1. Restricting attention to the range 313-366, which residues are part of a helix (DSSP H, G or I), under 15 Å from Val23 (Cα atoms) and among the acidic types (Asp, Glu)?
2. Listed residues Gln321, Gln363; which is modelled with pLDDT under 95 and of a type in the set (S, T, N, Q)?
3. Kindly establish whether Val209 is in contact (Cβ under 8 Å) with a residue 40 or more places away in the chain and assigned to a strand (DSSP E or B).
4. Please work out if Asp212 is within 21 Å of the chain's Cα centre (by Cα), crowded, with 16+ Cβ neighbours inside 10 Å and under 24 Å from Gly90 (Cα atoms).
5. Would you confirm whether any residue within the range 185-203 is of a type in the set (A, V, I, L, M, F, W, C) and in a loop (DSSP other than H, G, I, E, B)?
6. Working only within the range 256-270, note down all residues that are surrounded by 21 or more Cβ atoms within 10 Å (Cβ to Cβ) and more than 16 Å from Lys289 (Cβ to Cβ).
7. Checking Trp238 against (1) in contact (Cβ under 8 Å) with a residue 40 or more places away in the chain; (2) within 19 Å of Ser208 (Cα to Cα); (3) in contact with a Phe, Trp or Tyr (Cβ under 6 Å, 6 or more places away or on another chain); (4) outside any loop (DSSP other than H, G, I, E, B): exactly one of these is not met. Which one?
8. Taking the stated definitions as given, is Thr168 among the hydroxyl-bearing types (Ser, Thr, Tyr), within 30 Å of Lys247 (Cα to Cα), out of contact with any strand residue (DSSP E or B) (no Cβ under 6 Å at 6 or more places or on another chain) and part of a helix (DSSP H, G or I)?
Amino acid sequence: MQYRREEYLELMTFVRLGRPMFVELFGPLVGLDKEWRAQGASEEEIGMAAFDWDYVPVKDVPGCTARPRGPSPVIIEDNSEYRIERDFLGRTLKLCKATATIALPMDFPVKTMEDWLRLKPLFAFAEDRIGGEEEIEEARAAQSEGTLIVARIPGAFDTARELMGAETACLSYYEDSELMHDIIATLSDTSMKVWERVSEKLVIDQLSVHEDLAGKTGPLVGPAQIGEFFKPYYRPLWDMLSSRGAKIFQMDTDGNINPVLDALLDCGINSLYPMEPAAGMDIVEVRKKYGNRLVMLGGIDKHVLRRGREEIRRELEYKLQPMMREGGMVFGLDHRITNGTPLENYRYYVKLGREILGLPPVQPGKTGWRRMAF
């Protein structure tokens, strides 16, 4: 089912309960399509359209803060197994085609302040980052038709990791805080100038940031680093946008973020996904602790789908319990559907989830899925 912008915002801000949302956030991992075809899946099932997932139409705000401006990647080597390229930051990236859809860096361009200062102009504000009047009018028209308008910003930690690698970025909070402050101050200045100007002409519904700042054992930054480095960037921007009508400040991060949830909320974050159970994230316990201060997407253990029906039922009955259906929740798997997930188990998961949520059965021939991660 397609949700209108207004319905989605009411659900996520606890204004109106309405119909629960049941979605597929990310879709299958590379290789699962071959497994499912061998098990008799239709092409509509492979593409997720056959499951009639809920979604809300999304349009990015006309403006650019999340992607630095630079030349197109240069392909160094491309064969049936992998592709190696050099990106606009000067990094060498390798994509293993059989197992991944995202190329991973083999090296990083920033080790010193001097290195950063050479790249800083790519991240700095410029007038051409702001969308034109025609683009803004298109966004305004889409919003009036029920589309959610989303503004994106580069992550405080995510950007440093892309520039330095995770280990150097983490050490730099302690060993080169001047460098970290300058990187984040640049991101903050650009984001504020762009979205302040755009939001004068267009209501931004949601501010989104990608971070991936945690692993299974916990976050790579603590509350002190979030308070010192993240908050001066996130909080003023969110205060400005929320005063102009924005309702959701959403962060995408994997891993166990329980130790830093309070610090993130203090930055203005009020929406998180995908809430990975394998990393210790329990959406029921988070809801009990934070109530309507935090809305969530995901949270259903993807690994359970490789097991038997009884485990799938236990997971769904726990995660989809009545308390979790009181608003502020979009139900879905906590990340990509893993290889080794039997097609019949996935079909059962969809059927049972819809039954528990009181949704009608999937109608043959009816389609409606759209990737919900935004």
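The values are calculated or read from the model by the stated rules, or taken from the named source; none is laboratory data. Please read all numbers here as calculations on a predicted model, not as lab measurements. Note that we place each Cβ from the backbone using ideal geometry, even for glycine, and neighbour counts take in every protein chain shown.
1. Answer for the range 313-366, where residues must be part of a helix (DSSP H, G or I), under 15 Å from Val23 (Cα atoms) and among the acidic types (Asp, Glu): just Glu355.
2. Gln363
3. Considered against the rule, which asks whether it is in contact (Cβ under 8 Å) with a residue 40 or more places away in the chain and assigned to a strand (DSSP E or B), Val209 comes out as yes.
4. yes
5. Yes.
6. Cys267
7. The number of the failed condition is (1).
8. Considered against the rule, which asks whether it is among the hydroxyl-bearing types (Ser, Thr, Tyr), within 30 Å of Lys247 (Cα to Cα), out of contact with any strand residue (DSSP E or B) (no Cβ under 6 Å at 6 or more places or on another chain) and part of a helix (DSSP H, G or I), Thr168 comes out as no.
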